[in-house]
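Structure first, commentary second.
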Amino acid sequence: MNKKIKAIIDKKNKSQIVSLTAYSKNIAKILDKYCDIILVGDSMANVLYGLKNTHKITLENIIQHSLSVKKGVKKSLLVVDMPKGSYKDANSAKKNAKNLMRSTGCDAVKIESNKMNYKIINELIKSKIPVMGHIGFTPQFKKKFRIEGASEKKMKELLNEALLIEKAGAFSIVLECVAPKTSKLITSQLSIPTIGIGSSSYCDGQILVTDDMLGISGFYPKFVKRYASVDAVIEKAVKKYTRDVRLKKFPNKKNFLNE
Ligand code: KIV
C-alpha cells in the first residue's frame, strides 16, 4: 500500500485529518505545508468556471488542473475527482482512472457513490488504483442541496452505503452534508477514516473548498467558516492599482527596466 495512504488510515482515532481543495500550483504550494490531503475537486465547475453544477467538467479539465496542483505538492496525499460520466462502467472507470493517475502523478481518485457503483470501486482497487468514496450529498447525482441521513431510515441506508464502500476497498470516505448523529454512527462503525464537509466534528477529518473558506467564492452555506476575506484584499489592491495607473503613479522609475 502507498505509504501516504497508510499514513492517512493510521490517523483514524489518533489525530484529525486536514484536507482542502486546490485547482492550481500556487494555492497547492501553501496548502501542502499544512494539509494531509489535497483534493482536486470537480467543484472547480462552480468555483472556477461559473457553472451551475459539476456535470460538465471533463477528464481533460481535471487533468489540466491536477498537473498544475501536482507542481505545488510535495508531501500531502493528492486525490483527484473522477468527473461525472468517467466511471459509468468498470472498463471505462479503469481506463480513465489509469489515465488520471499516469498523466497527473496523483495518489488516488475520488468517486461519488450512486449506491450502484461498489463493484466499480472494487475493480479499481483490484487494478491498484486507490479510491476515496463520497456519500451524502453527491453533486454528480443529486440535485437538491440538503441534509442527508436525518431520519432513522436514511441513517441506516447511509451507514449501509458507507459499509459497502469500505468493503469494496476504499481507503477513506467523504461525508457531505450528513446529519451529525449519522456521521457519528458511520465514523464509529467504519475502520477507514471519514472526512466531513458540512457533517459535524464527529468525522475523522474535515475538508472545505478552499475558495469558500478564504472568502472568495461567494458561496457561504452555514457549514463554511470564512477564515479570511480575500475578496476584500483583492478589491483593495485592484482599486489602488487603478488609481495609480490613472494618476500615472504606476509604473514609476523604480519599476522601469534598466536599458
Ligand atoms: O469537488 C469537491 O470539491 C468535493 C469536496 C466538496 C469534497 O468533492
Q: Within the stretch 36-138, report the chymotrypsin sites (Phe, Trp or Tyr not before Pro) that DSSP leaves as loop and that have at most 15 other Cβ atoms within 10 Å.
A: Y49
Q | Cα-derived Rg to Rh of the stretch 136-259, Kirkwood definition | A | 1.29
Q | 18 Å reach of a label modelled at N114, 7 Å along Cα-to-Cβ, counting backbone N of the stretch 24-53 | A | 42-43, 53
Q. Roughly what would the spin-label model give for Y220 and K52, points 7 Å off Cα along C-beta, in nm?
A. 2.5
Q.
Cross-link candidates for K156: which aspartates and glutamates have Cα within less than 18 Å, leaving aside residues fewer than 8 places away along the same chain?
A. E148, E166, E176
**Q.** Sequence-distant residues sharing a close amide H with T21 (under 5 Å, placed H)
**A.** L39, L208, T210
Q: Between beta-carbons, use under 12 Å as the cut-off and find the net charge around V230, counting Lys and Arg +1, Asp and Glu -1.
A: -2
Q: Return the distance in nm (one decimal) between the two label points of a simple spin-label model at A228 and R246, each offset 7 Å from Cα along Cα→Cβ.
A: 2.8
Q: Kindly state, to the nearest 0.05, the FRET efficiency for Q16 paired with K154, given R0 = 35 Å and r defined as their beta-carbon distance.
A: 0.85
Q) For the chain, what is the calculated [θ] at 222 nm in deg cm²/dmol (nearest 500), taking -39500 (n - 2.57) for each run of four or more DSSP H residues and dividing by its residue count? A) -12000 deg cm²/dmol
Q. For the chain, what value does the Rg/Rh ratio take when both radii are computed over Cα atoms and Rh is the Kirkwood radius, given to two decimals?
A. 1.04
Q. Where does the charge balance sit around G205 when Lys and Arg score +1, Asp and Glu -1, over other residues with C-beta under 15 Å from its C-beta?
A. +2
Q | GNM flexibility winner over the chain from G105, G85, G50 (Cα, springs under 10 Å) | A | G50
**Q.** Full-extension gain in nm, A237 to I9, via 0.36 nm per residue minus C-alpha separation
**A.** 77.8 nm
Q.
Test of understanding: in a Gaussian network model of the chain with alpha carbons linked when under 10 Å, which of S172, S151, S200 would top the mean-square fluctuation ranking?
A. S151
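Quick note: the coordinates plus some simple rules give every number you see, no bench work behind them. Owing to the predicted nature of the structure, the values given are computational and were not obtained by experimental measurement. Quick reminder, even Gly has a Cβ in these numbers, built from the backbone with ideal geometry, and neighbours come from all protein chains shown.
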